[in-house]
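Working notes, structure below.
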Amino acid sequence: MTLFAIVRDYHRDDFETIKAIHEATEIDYKFPDLNSSLFLVTKVLEVAGVIRMAVGAYLQVEYYLWSDPSDWGDPKAKLSLIGMLDKEVTSAVWLKGVDEAVLYLPPGMERFGERLTKDFGFSKARDGWVHYTKRTEAE
């Protein structure tokens, strides 16, 4: 079965319809504010004039940490200095208007993951959910 559909820009008056679709899916996450300027692009798909899907592209930052692995300080001091650097970066990101940061932790660094949650305010992103990435450049 082929359906005729159109894709168009999101309008503020689409909010409640998209929210109802979100609630009907019963997927466990808080419905975001689609009117936030952090949604750089939001599109809806209509079939026969009815919104059936929507996609929003939300701006967030990804943190990368590079730390000299040599013996320049003991682990406690290094952790303290990571905290100092994290505080400055997080503040600067907030002042640029971005309210969410992600960090991808490689396998084998689970102990540091505990520090991320305990000492630096990170939380695990939705247990059981898998992260995927996609380049947006033209192929």
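Annotations
- Take each peptide in 51-58, 30-37, 71-78, count the other Cβ atoms within 10 Å of every residue, and average; sorted highest first, the result is 51-58, 30-37, 71-78.
- FRET E, pair Phe4, Val61, Förster distance 35 Å, beta-carbon r, rounded to 0.05: 0.35
- P(r) tail, the range 1-64: Cα-Cα pairs separated by more than 19 Å, 37% of all pairs.
- Calculated diffusion of the chain, Stokes-Einstein form, Kirkwood radius summed over Cα pairs, 20 °C and 1.002 mPa s, µm²/s: 115
- Radius, Kirkwood style, for the range 49-129 when every pair of distinct Cα atoms is counted (Å): 15.2
- Cα-derived Rg to Rh of the range 94-137, Kirkwood definition: 1.02
- The chain: antiparallel DSSP beta bridges as a percent of all, rounded to 5: 85
Every read-out reported here was derived from the displayed coordinates using simple, explicitly stated rules and does not represent laboratory data. Please read all numbers here as calculations on a predicted model, not as lab measurements. Cβ: placed from backbone, ideal geometry, glycine included. Neighbour counts: every protein chain shown.
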